[in-house]
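Data block below; observations after.
The values are calculated or read from the model by the stated rules, or taken from the named source; none is laboratory data. As the structure is a computational prediction, the values presented were derived from the model and not from experiment. Heads up, the Cβs are rebuilt from the backbone with ideal geometry, glycines too, and the neighbour counts pull from every protein chain shown. Heads up: the accessible areas ignore ligands, DNA and RNA and are worked out on the full protein's heavy atoms, side chains in. Shrake-Rupley method; radii C 1.70, N 1.55, O 1.52, S 1.80 Å.
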Amino acid sequence: MNPRTLKPTVVALAAALISAGALADITVGVSLPLTGPASGLGIPMQNGFKLWPQTIAGEKVNVIILDDATDPTKGVQNARRFVTEDKVDVLAGSGATPVAIPMADVAAESKTLHLAMSPAPLPPGKDTWTFRLPQSNGVMANAVVAHMKKTGVKTLGFIGYTDAYGESWLQEAKPRLEKAGIQLVATERFARSDTSVTSQALKLASANPDAVLIVASGSGAAMPHLALNERNYKGKVYQTHAAATKDLIRVGGKGVEGAFVPAGPLIVAEQLPGDHPVKEAATKFVQAYEKQFGAGSRTTLAGHSYDMYLMLEQTVPVALKKGKPGTPEFRAALRDAFESAKALPVSNGVLDYTDSDHWGFAPDTGVILKVVNGDWQFEK
């Protein structure tokens with residue numbers, strides 16, 4: 001697979017100059033948080049697109065990447081530009097959940113396939129055109145709560161974002177905790193833009209639960225953990241899959257040693273057993289990504305971009321039988337092809353979308369990692 005460099009302004013200009021003879025090109029419009037509080041998510045996702053080939057099923061692929069600055073309003077503006085001006089076949093993004101949610105409305109209005117790059121919770125019936133590439137918060141909560149129960153956790157404190165990502169995790173965790181016999185004894189929230197959680201950490205430390213679950217992303221997930229350390233909290237600390245990046249370790253340093261983090265299996269591709277269903281796909285991605293971006297640079301976030309390509313590689317040939325790129329027929333056929341595609345091992349798990357499940361991953365997809373000596377260790 002030949003890597004390529006994607007420069008948003010250059011690619012956008014190229015798309016604007018497409019001639020009538022090139023209307024069969026497949027166009028993908030991607031809105032990512034390249035700046036703002038969630039930039040730690042968007043930048044590796046952008047890097048993942050650089051592993052894409054020039055063509056899919058013999059059709060040239062044009063990828064247009066725009067920055068949504070972690071702003072829902074900007075994300076919607078990008079989405080509308082993609083569907084009205086660029087006439088995209090696929091709408092992708094955002095990497096930030098609060099931005100991806102309103103983008104889904106644009107996808108539904110325009111009847112354009114939307115591949116959300118965050119675990120965007122949508123009301124029933126609102127995700128007809130939206131498929132998620134990350135594991136759902138529920139899938140990852142399964143792994144987290146199962147590990148808590150296995151290690152004897154009886155009481156839990158929660159601190160998470162005030163936005164849709166934090167709220168979704170809280171609601172997914174509550175019934176699983178209750179079923180596991182784990183009592184939620186303290187709940188604290190903070191904004192993505194906050195620079196301190198001292199008061200929240202003090203309340204959590206005072207409650208002294210067996211473990212604390214931090215729901216935040218990237219480097220921002222280190223702040224609550226370090227604040228708990230400052231309050232001399234000695235219990236277990238769990239993070240979520242949005243924190244499964246080296247930014248957590250880079251910012252937190254020794255302060256996040258011992259943290260437990262749910263993630264897609266690609267993070268520990270080499271540590272997976274030989275018969276793991278995604279070992280081959282995960283290893284292939286890791287080798288290609290780290291060849292371009294350096295040893296240890298792997299991230300599930302970039303994996304979502306790569307997995308998008310793998311899904312399109314399987315579904316585009318099916319859609320081409322019913323329409324040409326750039327037409328409503330092709331967009332509708334591509335959406336239908338996602339629902340009917342056979343289960344596909346990708347870097348982050350096995351995707352198996354259906355007409356009633358636009359999340360795709362099985363309930364046991366998540367793996368638990370532990371931060372040990374500044375790196376990830378697979379918790380068997």
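Structure above, values below:
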read-out: Filtered residue count, segment 198-219, keeping only those that are open to solvent by less than 10 Å² (accessible area, probe 1.4 Å) and over 21 Å from the mean Cα position of the chain (by Cα); value: 5
read-out: Number of the exception - residue 25 against (1) open to solvent by 60 Å² or more (accessible area, probe 1.4 Å); (2) within 29 Å of residue 285 (Cβ to Cβ); (3) at pLDDT below 95; value: (1)
read-out: Filtered residues of segment 229-255 (kept if more than 23 Å from residue 185 (Cα to Cα) and of a type in the set (Lys, Arg)); value: 246, 250, 254
read-out: Residue that is surrounded by the most Cβ atoms within 10 Å (Cβ to Cβ) [pool: residues in segment 220-245 that are in contact (Cβ under 8 Å) with a residue 40 or more places away in the chain and within 15 Å of the chain's Cα centre (by Cα)]; value: 242
read-out: Out of 296, 326, sole residue that is open to solvent by less than 60 Å² (accessible area, probe 1.4 Å), at positive phi and either under 20 Å from the mean Cα position of the chain (by Cα) or of a type in the set (A, V, I, L, M, F, W, C) (or both); value: 296
read-out: Residue match in segment 165-179 (condition: touching a residue at least 60 places away in the same chain (Cβ under 8 Å) and either open to solvent by less than 10 Å² (accessible area, probe 1.4 Å) or farther than 28 Å from residue 363 by Cβ (or both)); value: yes
read-out: Boolean, residue 110 is of a type in the set (Ser, Thr, Tyr) and within 12 Å of the chain's Cα centre (by Cα); value: no
read-out: Candidates 79, 69, 38 - the one that is of a type in the set (A, V, I, L, M, F, W, C) and modelled with pLDDT under 95; value: 38
read-out: Residue check, residue 356 surrounded by fewer than 18 Cβ atoms within 10 Å (Cβ to Cβ), of a type in the set (Ser, Thr, Tyr) and on the phi < 0 side of the Ramachandran plot; value: yes
read-out: Number of positions in segment 53-88 that are in contact (Cβ under 8 Å) with a residue 60 or more places away in the chain and within 21 Å of the chain's Cα centre (by Cα); value: 1
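So that you can scan it fast, the table gives a plain yes or no per residue for (1) farther than 28 Å from residue 176 by Cα; (2) in contact (Cβ under 8 Å) with a residue 40 or more places away in the chain:
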site	(1), (2)
297	yes, yes
300	no, yes
306	yes, yes
322	yes, no
332	yes, yes
349	no, yes
352	no, no
358	no, yes
373	yes, yes
